[in-house]
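The values are calculated or read from the model by the stated rules, or taken from the named source; none is laboratory data. Predicted model only: the values in this text are computed from it and were never measured. So basically every Cβ, Gly included, is an ideal-geometry build from the backbone, and we count neighbours across all protein chains shown. Calculation scope for accessible area: heavy atoms of the full protein, side chains included, ligands and nucleic acids excluded. Shrake-Rupley method; radii C 1.70, N 1.55, O 1.52, S 1.80 Å.
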Amino acid sequence: IIIVVIGTMRTCCVSPSRAQRTDARVFALSSRKRSSSCSSCCSSSSSLNNKPRRYSSSSSSSSALRAHGRKKGESIPEEFEVQKLANAVAKLLRGVNVVAVGENEKANHQLSELLAPLLAYSPMSVPELIRGISDGKSREDIARLEGDAEALMVENSVHEQLSQFLRVSLATCGANGVGALARGDCWAWIFGMITIWVDDEESAKLSEENPERFPQREAYELADIRVVLKGKELNEEEKGKTVRAVLEGVKALVDNDEHFAGKKSLYTRMGCRGDWPILQAPEWDGTSETFSENGLSGEEKSSV
């Protein structure tokens with residue numbers, strides 16, 4: 001998991017421990033054993049310090065810089081650098097979706113909207129899609145009128161449909177930490193996406209002092225990248241720093257494993273079975289008894 005602290009702009013790359021990998025597998029397996037769809041269960045990282053690129057005096061480079069109004073000797077605009085980084089990341093992702101998760105729903109939406117144009121992705125919102133298929137009722141309305149189980153089923157049905165899309169920048173429900181993604185066994189539909197946990201300093205501090213009050217954080221720790229904001233929302237000062245940090249985090253994941261995006265895509269094509277990050281053979285029956293710690297062989301990967 002890549003951890004990015006926006007407040008002080010500290011960045012670090014932490015390789016998942018065996019315990020973390022096991023936790024992810026346990027969540028996935030528990031979901032698979034109950035149902036191939038999460039709706040039934042609900043009804044009961046390399047270095048980020050990249051060196052700045054040196055621009056040559058080639059005509060193509062000069063033309064690109066002149067298009068941004070830069071005169072000789074002037075610094076390169078930050079927006080131009082971020083867009084170049086985003087273009088590189090988009091090529092590495094090869095259409096794999098990005099998704100913002102966490103209990104701060106507005107922050108999820110803000111980050112999704114900021115990333116979408118940079119990556120040339122389509123911005124989509126789970127809360128808005130729920131309203132679209134529920135006659136204008138929000139997730140909170142459904143939970144109040146029909147119960148939490150029904151709200152979870154509707155939320156997960158949206159995740160299931162979106163798992164088959166490409167080039168989507170997705171914002172998920174916050175639901176005050178009680179939504180579908182606050183449960184680790186409901187992550188099966190989004191493991192095929194680049195998952196970004198949008199956290200904040202206050203929640204992080206309170207959870208350290210009283211972890212039993214924040215059980216949802218155990219699920220959010222399954223994310224590929226964690227961004228820690230100063231407040232509950234992205235302010236103007238943080239927006240640029242956050243977007244750049246997330247893009248650098250995604251690039252670090254792919255640089256660390258050149259097959260990372262390919263494995264995400266393969267996971268989705270094999271049916272989002274919950275076997276992330278150790279993909280199993282196509283004939284796997286979803287039980288822990290037949291789970292292989294070695295996962296797919298190189299020959300099996302190439303044949304899928």
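Can you list residues whose amide H is under 5 Å from V101's amide H, if they're 5+ apart or on another chain and H is modeled 1.01 Å from N?
Correct list: I196, W197, V198.
Tell me the accessible surface of H259 in square angstrom (1.4 angstrom probe, heavy atoms of protein chains only), to the nearest ten.
110
Give me the number: length gained by fully extending R167 to L145, i.e. 0.36 nm times residue separation minus the C-alpha to C-alpha distance, one decimal in nm. If you can, show how the numbers build up before the last one.
Details: separation 22, 0.36 × 22 = 7.92 nm, distance 3.41 nm.
Residue separation times 0.36 nm, minus the Cα-Cα distance, leaves 4.5 nm.
Determine the gain in length on full extension of the stretch D257-N210; use 0.36 nm per residue of separation and subtract their C-alpha separation, reporting nm with one decimal.
Working: separation 47, 0.36 × 47 = 16.92 nm, distance 3.54 nm.
Here the segment from D257 to N210 would lengthen by 13.4 nm.
Can you flag which of K106/K241; K106/K239; K241/K263; K84/K241; K205/K239; K106/K230 are past 24 Å Cα-Cα? Walk me through the intermediate numbers first.
Numbers: K106/K241 18 Å; K106/K239 13 Å; K241/K263 28 Å; K84/K241 15 Å; K205/K239 22 Å; K106/K230 14 Å.
Among K106/K241; K106/K239; K241/K263; K84/K241; K205/K239; K106/K230, the Cα-Cα distance tops 24 Å for K241/K263.
At 0.36 nm per residue, minus the direct Cα-Cα distance, what do E237 and A281 gain on full extension? Give it in nm, one decimal, please.
Residue separation times 0.36 nm, minus the Cα-Cα distance, leaves 11.2 nm.
Counting heavy atoms of the protein chains only and a 1.4 Å probe, report the per residue accessible area for the range 214-304 as a whole number of Å².
Normalised by residue count, the accessible surface of the range 214-304 is 46 Å².
Quickly rank 96-104, 165-173 as a protection proxy: mean count of other C-beta atoms within 10 Å, highest first. Present the calculation step by step, with values, prior to reporting the outcome.
Values: 96-104: 26.3, 165-173: 22.1.
The most tightly packed comes first, giving 96-104, 165-173.
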